[in-house]
Amino acid sequence: MKFHLKVWRQKNAKDPGRLVDYTIDNINPDMSFLEMMDVLNDELIRKGEDPIAFDHDCREGICGMCSMYINGRAHGPQRAATTCQLYMRSFKDGDTIYVEPWRAKAFPVIKDLVVDRSAFDRIIAAGGFISVNTGQAQDANAIPIPKADADRAMDAAACIGCGACVAACPNGAAMLFVSAKISQLALLPQGQPERYTRALNMVKQMDEEGFGNCTNIGACEAECPKEIKLTNIARMNREYLTAAFIQE
Amino acid sequence: MLMTMSTLNAKIPPGPLAEKWSYYKEHAKLVNPANKRKLEVIVVGTGLAGASAAATLAELGYKVKAFCFQDSPRRAHSIAAQGGINAAKNYKNDGDSVFRLFYDTIKGGDFRAREANVYRLAEVSVNIIDQCVAQGVPFAREYGGLLDNRSFGGAQVSRTFYARGQTGQQLLLGAYQALERQVGLGNVKMYARHEMLELVKIDGKARGIIARNLVTGELERHFGHAVLLCTGGYGNVFYLSTNAMGSNVTAIWKAYKQGAFFGNPCFTQIHPTCIPVTGDYQSKLTLMSESLRNDGRVWVPKSVEDAKAIREGRKKPEDIKEEDRDYYLERKYPSYGNLCPRDIASRAAKEVCDEGRGIVPSGYGVYLDFSDAIKRLGVETVKARYGELFPMYQNITNEDPLKTPMKIYPAVHYTMGGLWVDYELMTTIPGCYALGEANFSDHGANRLGASALMQGLADGYFIIPYTIGNYLAGEIFTKPIPTDHPAFVEAEKRVSDRIHRLLSVKGRRTVDEFHRLLGKIMWEYCGMARSAAGLTKARDMVRELRREFWSDVRVPGSANEFNPELDKAGRVADFLELGELMIVDALHRNESCGGHFRVEYQDEGEAKRDDENYRYVAAWEYKGDDADPALHKEELVFENVQLQVRSYK
Ligand SMILES: Cc1cc2nc3c(=O)[nH]c(=O)nc-3n(C[C@H](O)[C@H](O)[C@H](O)COP(=O)(O)OP(=O)(O)OC[C@H]3O[C@@H](n4cnc5c(N)ncnc54)[C@H](O)[C@@H]3O)c2cc1C
Ligand code: SF4
Ligand code: FES
């Protein structure tokens with residue numbers, strides 16, 4: 001297969017950046033998108049050019065590191081898949097493919113397709129946990145948890161922190177990511193004592209990081225590789241309102 | 001090869017097996033809270049082992065600095081573990097106990113692990129589950145609201161806790177959140193996108209590291225009263241493996257070259273059910289859960305001609321009549337059949353493919369066929385039983401395993417070898433510890449499924465917080481050493497010299513090209529079957545490749561920028577050295593045990609262990625780049641289990 005790529009190249013955070021054209025041939029349809037990028041980089045290195053920087057690690061859809069905006073969609077055209085789970089057979093021979101980084105005010109570009117998502121870590125540090133020191137726990141079966149609650153908590157916990165929701169959102173909002181963690185912990189009995197301070201602190205940090213507001217567009221849910229549901233955002237809003245109310 | 005008699009002291013506490021850990025805890029020195037605040041600990045790696053250690057040490061009051069090379073601590077390779085985590089909770093009332101988990105682990109490891117450590121691991125396993133549940137880890141539950149368990153290979157009880165197919169992810173997020181909590185409280189300083197490139201030693205003790213900021217390329221000096229290496233396994237020495245792309249040996253390799261002994265480097269686990277290699281461009285291999293062997297039947301055609309016809313696309317698996325198929329595991333191991341242990345299933349697949357009966361174009365692949373299960377149970381049941389696995393396979397291969405057999409082949413998965421550590425998890429360098437997959441670990445020559453997650457968290461949450469105090473109690477008068485100390489200056493110079501050497505070769509071949517070639521050598525000669533002749537040849541090949549690397553590699557860009565090719569080049573350069581040590585170790589061990597199969601030592605295809613001569617941990621000491629490493633032996637003493645031959649026929 002042959003493709004025409006238009007790839008975002010940006011030397012560093014200060015460089016304005018631009019799209020650069022590449023043509024790549026002899027691509028096997030069973031290659032993953034990232035393997036296609038490997039082949040392109042191999043060619044660039046051999047030609048003495050600067051290879052394209054991109055983030056990746058597990059290459060099986062779980063670490064949340066890969067992050068490409070492909071043909072105007074976070075993680076490309078395939079539903080419920082990360083960039084590393086995208087295969088070239090999803091494209092047509094001769095296609096032109098645009099490859100860009102996540103774009104959001106809170107995710108500054110480091111180089112080419114690599115962005116800084118450390119804002120997510122700071123949101124977790126602000127409250128995305130249960131305060132229990134090692135060794136303080138009681139027996140694991142001491143608190144039975146209804147299977148349905150445990151399953152819903154697990155649904156929310158499946159978030160891989162990739163940031164596609166932010167990239168997909170025209171407002172650059174992080175609501176889906178933040179709400180997934182708030183929901184997971186609010187659904188479990190262990191999460192109750194800090195339930196409301198958690199919501200307040202995480203939302204506060206989210207705002208400070210420069211993420212946008214939610215205007216109910218729903219692009220985040222549509223592009224989320226782990227199919228995190230919008231209902232989490234509704235739950236987070238309830239938690240936040242109750243928290244604000246209790247605080248007053 | 002230099003031989004040195006055992007100078008290794010594993011510091012195993014006295015007393016009966018079941019009381020050793022309590023005895024240790026009661027007698028270990030303590031550090032009072034005011035002094036803890038003055039002590040700084042460096043934790044390299046934020047996988048299960050590192051994140052749990054960093055969080056717990058910070059909770060105790062130590063000042064912690066944590067490092068990882070990914071953009072966030074949450075992305076460590078532990079995130080990818082699917083199956084589950086073992087613990088001797090006996091919630092199923094099926095006769096499990098600490099002793100049974102201990103025994104299964106020792107036996108599974110083919111009697112090449114240290115009794116006292118393995119027993120302690122089994123003992124603290126129960127606390128791990130309590131801790132994780134308290135953190136909000138959403139383990140699978142039964143309708144009554146209590147925790148669910150599943151069974152896993154190598155055990156007759158149900159002791160594996162799981163969170164869908166994302167157990168590693170959920171455990172890691174629990175530890176990561178505990179870590180971030182400490183970051184928020186100011187007790188841990190987190191350095192993401194940082195890579196440790198040197199260990200700093202002062203007066204024989206570990207006192208810090210040199211790390212490279214991967215965004216700016218700057219080299220940084222960090223002091224610590226102690227250094228914990230929690231940097232994972234080195235399976236990527238084989239290029240293709242189920243490990244994440246960035247998994248590497250660099251941190252522990254630097255420690256090895258500074259004097260930490262390397263334990264059993266050749267012990268590698270090769271997992272039988274992975275998606276086969278399809279092309280040269282391939283960057284990694286994907287694991288398909290071992291549980292598939294419960295219902296899938298493994299086969300290849302009986303005749304080489306049929307296999308050839310399939311490889312060339314002239315025949316399909318459906319065209320091969322029942323009587324022309326060889327269900328070789330069922331034939332060779334009638335009592336265990338498709339469920340024989342990992343190492344045995346892997347070797348058997350290699351054997352039939354070497355005979356020319358492989359069924360993928362490369363020749364290296366066998367069928368895992370669900371058609372009988374579908375006939376017996378119906379499509380829906382089979383689909384439900386294996387949930388996400390079939391769609392995952394289909395997404396990667398574009399073939400529907402419900403319609404045509406899966407194609408599988410063994411792949412490198414885990415490294416039991418690693419830095420040698422004593423009972424306190426300290427390496428042979430005082431103040432330098434190794435935790436998780438990075439140490440030579442509790443798994444002997446073969447690891448049981450669901451035991452790596454257990455070990456990582458045991459090391460980080462429940463062992464190091466006690467054992468490090470015993471060392472740091474003696475360090476309370478050591479003031480932080482300024483990083484302009486000559487030892488830091490020299491270590492930094494070693495790092496920058498090497499980086500400049502890498503950049504200045506300006507050869508013609510890419511880093512990946514060398515990595516691939518190394519992987520091929522290791523896989524061919526130091527993989528599933530090893531021989532003295534092959535290993536001897538491979539040693540020369542690796543040396544030659546290393547020479548070529550340093551004269552012909554092309555690393556683009558510069559040292560002072562975000563440069564992933566440069567990061568990779570440093571890791572591959574270390575793999576090129578490690579490969580040789582693995583070969584040396586494999587060559588010296590004239591026996592077959594667990595994942596280490598030497599073709600000269602077998603009984604009709606079955607591994608032949610030699611307890612009389614090789615019942616020891618091989619701990620290798622670095623003696624210089626051009627010198628042979630020196631061998632130290634830690635004799636393994638078995639007082640609580642009887643050594644026996646594993647048989648699955
Ligand atoms: C596909 C797959 C499935 C698995 N499934 C299971 C399972 O079901 N059950 C089970 O028990 N085990 C399983 N395992 C094994 C298990 O996941 C690992 O052994 C375990 O998670 C390793 O944890 P760790 O903390 O030692 O290292 P890792 O999680 O690998 O973490 C290493 C850390 O070190 C950092 N690091 C490395 N080098 C450097 C450096 N030089 N400088 C700075 N930082 C560095 C990394 O950034 C990372 O944070 C599986 C493994 C694979 C590959
Ligand atoms: S909610 Fe979905 S898209 Fe957003 S970070 Fe989590 S997994 Fe990624
Ligand atoms: S590389 Fe890990 S999710 Fe894509």
Q) So which strands (runs of 3 or more DSSP E) are wholly in region B:133-214 and hold at least 3 residues that are within 13 Å of ligand 1 (Cβ to nearest atom) and modelled with pLDDT of 95 or more? A) B:194-202, B:205-213
(Q) I'm told residue A:149 meets every condition in (1) assigned to a loop (DSSP other than H, G, I, E, B); (2) surrounded by fewer than 16 Cβ atoms within 10 Å (Cβ to Cβ); (3) touching a Gly at 6+ places or on another chain (Cβ under 9 Å); (4) not basic (Lys, Arg) except one. Can you identify the failing condition by its number? (A) (1)
Q. Looking at B:542, B:511, which one is aliphatic (A, V, I, L, M), crowded, with 19+ Cβ neighbours inside 10 Å and within 14 Å of chain A (Cβ to nearest Cβ)?
A. B:511
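Can you say whether residue B:594 is crowded, with 21+ Cβ neighbours inside 10 Å, at positive phi and touching a residue at least 12 places away in the same chain (Cβ under 8 Å), as far as the supplied structure shows?
Considered against the rule, which asks whether it is crowded, with 21+ Cβ neighbours inside 10 Å, at positive phi and touching a residue at least 12 places away in the same chain (Cβ under 8 Å), residue B:594 comes out as yes.
The rows are residues; the columns are (1) more than 15 Å from ligand 3 (Cβ to nearest atom); (2) part of a loop (DSSP other than H, G, I, E, B); (3) in the same structural domain as residue A:225 (by TED's automatic domain parsing).
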| residue | (1), (2), (3) |
| --- | --- |
| A:7 | yes, no, no |
| A:12 | yes, yes, no |
| A:30 | yes, yes, no |
| A:52 | yes, yes, no |
| A:55 | no, yes, no |
Q) Exactly one of (1) charged (D, E, K, R); (2) more than 7 Å from chain B (Cβ to nearest Cβ); (3) outside any loop (DSSP other than H, G, I, E, B) is unmet by residue A:103. Its number? A) (3)
Q. Which one is nearest to residue B:216 (Cα to Cα) among residues in region A:50-100 that are of a type in the set (A, V, I, L, M) and within 11 Å of chain B (Cβ to nearest Cβ)?
A. A:53
Q. Consider residue A:49 against the criteria (1) more than 16 Å from ligand 2 (Cβ to nearest atom); (2) within 16 Å of the chain's Cα centre (by Cα); (3) open to solvent by 40 Å² or more (accessible area, probe 1.4 Å): it satisfies all of them except one. Which criterion is unmet?
A. (2)
Q: Could you identify the single residue in B:61, B:45, B:15 that is buried (at least 16 other Cβ atoms within 10 Å of the Cβ) and more than 13 Å from chain A (Cβ to nearest Cβ)?
A: B:45
(Q) Quick check on my filter: what residues within region B:99-158 are of a type in the set (A, V, I, L, M), more than 8 Å from chain A (Cβ to nearest Cβ) and open to solvent by 20 Å² or more (accessible area, probe 1.4 Å)? (A) B:126, B:155
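In region B:221-229, is there at least one residue being away from ligand 2 (no atom under 16 Å from the Cβ), among the basic types (Lys, Arg) and either part of a loop (DSSP other than H, G, I, E, B) or more than 30 Å from residue B:422 (Cα to Cα) (or both)? Full working, then the answer.
Looking only at region B:221-229, we keep the residues that are away from ligand 2 (no atom under 16 Å from the Cβ), and these are B:221-229.
Among the residues that remain, those that are also among the basic types (Lys, Arg) are: B:221.
The next check asks that each one be either part of a loop (DSSP other than H, G, I, E, B) or more than 30 Å from residue B:422 (Cα to Cα) (or both); those that pass are none.
No - not one qualifying residue is present in region B:221-229.
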Q. Can you name the residue in region A:136-146 that is over 26 Å from residue B:188 (Cβ atoms), part of a loop (DSSP other than H, G, I, E, B) and within 7 Å of chain B (Cβ to nearest Cβ) and, of all such residues, is farthest from the chain's Cα centre (by Cα)?
A. A:139
Q: Tally the residues that are out of contact with any Ser or Thr (no Cβ under 7 Å at 6 or more places or on another chain), more than 13 Å from ligand 2 (Cβ to nearest atom) and hydrophobic (A, V, I, L, M, F, W, C), restricting the search to region A:71-90.
A: 1
Q) So, in region A:156-194, of the ones that are more than 9 Å from every other protein chain (Cβ to nearest Cβ) and polar (S, T, N, Q), which residue ends up farthest from the chain's Cα centre (by Cα)? A) A:192
Q) If you scan region B:616-634, which residues turn out to be at pLDDT 95 or above and open to solvent by 70 Å² or more (accessible area, probe 1.4 Å)? A) B:623
Q. If you go through region B:352-372 one residue at a time, how many are more than 16 Å from residue B:308 (Cα to Cα) and exposed (fewer than 15 other Cβ atoms within 10 Å of the Cβ)?
A. 1
Q. Is it the case that region A:174-186 has a residue that's surrounded by fewer than 16 Cβ atoms within 10 Å (Cβ to Cβ) and out of contact with any helix residue (DSSP H, G or I) (no Cβ under 6 Å at 6 or more places or on another chain)?
A. no
(Q) Among the listed residues B:266, B:230, identify the single one that is modelled with pLDDT of 95 or more and within 24 Å of residue B:583 (Cβ to Cβ). (A) B:266
(Q) Of the residues B:400, B:422, only one is in contact (Cβ under 8 Å) with a residue 60 or more places away in the chain and in a loop (DSSP other than H, G, I, E, B); which? (A) B:422
Q: Output the residues belonging to region A:114-135 that are more than 7 Å from every other protein chain (Cβ to nearest Cβ) and either over 25 Å from residue A:224 (Cα atoms) or more than 17 Å from the chain's Cα centre (by Cα) (or both).
A: A:127, A:135
Q | Sole exception among (1) closer than 30 Å to residue A:86 by Cα; (2) in contact with a helix residue (DSSP H, G or I) (Cβ under 6 Å, 6 or more places away or on another chain); (3) of a type in the set (A, V, I, L, M) for residue B:352, by number | A | (1)
Q: Name the one entry in A:239, A:227, A:208 that is open to solvent by less than 80 Å² (accessible area, probe 1.4 Å) and not assigned by TED's automatic domain parsing to the domain that holds residue A:63.
A: A:239
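The values are calculated or read from the model by the stated rules, or taken from the named source; none is laboratory data. Computed from a prediction, not measured in an experiment: that's the story for all the values here. Note: ideal-geometry Cβ built from the backbone for every residue, glycine included; neighbour counts use all protein chains shown. The area values use the complete protein model at the heavy-atom level, side chains included, leaving out ligands, DNA and RNA. Shrake-Rupley method; radii C 1.70, N 1.55, O 1.52, S 1.80 Å.
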